[in-house]
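The values are calculated or read from the model by the stated rules, or taken from the named source; none is laboratory data. Just so it is clear, the structure is predicted and the values come from calculations on it, not from any experiment. Note that each Cβ is placed from the backbone with ideal geometry, even for glycine, and that neighbours are counted across all protein chains shown. Please note that ligands, DNA and RNA were not included when accessible areas were found on the heavy atoms of the full protein model with its side chains. Shrake-Rupley method; radii C 1.70, N 1.55, O 1.52, S 1.80 Å.
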Amino acid sequence: MDYFLVDFGLPLLGLVIAIVAEIFVSSTFNKYSKVRNKRGLKGHEVARMFLDKNGLQNVQVLTVKGNLTDHYDPRKKCVKLSQSVYDNDSVAALSVACHECGHALQDKTDYKFMRIRASLVPFVNFSSYAGYIAILFGIIFDSLDIIWVGIGLEMVILLFELVTLPVEFDASNRALKELESMNYLDSDEMPGGKKVLKSAAMTYVASVATTMLQILRLILIFGRRRD
């Protein structure tokens, strides 16, 4: 493969994918954050109703600083909603709130991929630092064996991101079912909710694609050294 494509083309493609995904998410969220749901429900209200309906009264709903910083904390058993979701009555806010509650429901039902992802966290935390350190040491000491160990550690991150995909898609599916079955969103509001959840899921797909390109680049660069 052409050296220019490997050294510059692949990183540029990864950067473009990441930027496009970020723009897609932000524009979709911003669009539907301006569309108020007809019932006047707010993000934290819908989250509380979702959780209580599914026997998750022990899970707290809290607010967290930032924009699109929403997440579920399985250790503290709480759904944390960003300021743009917690006290907002938009279609986007309700969709995001239900998505995070979907993770809480996964936790309750012992969803397989969520458990696998949790088990990988310590390895990912280690690999995210050790991988490139190993590659750097391999370059310094001119050792391909150490470099390949580093690339192998980077693949742990890819595995984690691949396992994350079904976790996120499943949480969105649970959110959509709840939004529709409980009429949190009217039938004409549901398409907007689906677009918000779909755009959020695409960021994880973009992350997988970007990591794959990074690993491919490393393999091609150091593979040609062996040649």
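Which net charge results for the neighbourhood of Ala175, defined as the other residues with beta-carbon distances under 14 angstrom from its beta-carbon, given Lys and Arg at +1 and Asp and Glu at -1?
The answer is -1.
Based on the mean of other beta carbon atoms within 10 Å per residue, what is the order of 108-118, 78-88, most packed first?
Answer by packing, highest mean first, reads 78-88, 108-118.
With respect to the cross-link table entries Lys34/Lys112; Lys77/Lys177; Lys65/Lys194, which display a Cα-Cα separation exceeding 32 Å?
Lys34/Lys112
Near Lys42, which aspartates and glutamates are there with a Cα under 14 Å away, not counting those fewer than 8 places off in the same chain?
Asp87, Asp89
In percent, what relative contact order does the chain have, based on Cα pairs under 8 Å that are 6 or more apart in sequence?
Reported as a whole number, the value is 27 percent.
Under 5 Å between amide H atoms, partner at least 5 residues away or on a different chain: which partners does Val35 have, H built in plane at 1.01 Å?
Correct list: Val91, Ala92.
Considering only the other residues whose Cβ falls under 9 Å of the Cβ of Asp89, what net charge follows from Lys and Arg at +1 and Asp and Glu at -1?
Net charge around Asp89: +1.
Return one whole number: the accessible area per residue of the chain in Å², for a 1.4 Å probe.
53
From the phi angles alone, apply the Karplus equation (6.51, -1.76, 1.60; θ = phi - 60°) to the stretch 133-143 and give each ³J(HN,Hα) in whole Hz, x where the residue is Gly or Pro.
Each residue of the stretch 133-143 in turn: 5, 5, 5, 4, 5, x, 5, 4, 9, 6, 10 Hz.
Is it possible to state the helix-based mean residue ellipticity at 222 nm for the chain, with each DSSP H run of 4+ residues giving -39500 (n - 2.57), the sum divided by total residues, to the nearest 500 deg cm²/dmol? What is it?
-24500 deg cm²/dmol
Could you please state how large a percent of the accessible area of the stretch 69-227 is carbon and sulfur, counting protein chains only and using a 1.4 Å probe?
C and S atoms contribute 63 percent here.
Can you give the angle from 0 to 90° between the axis of helix 91-108 and the longest principal axis of the chain, with both taken from C-alpha atoms, to the nearest 10?
70
Per-residue accessible area for Phe141 at 1.4 Å probe radius, Å² rounded to 10?
130
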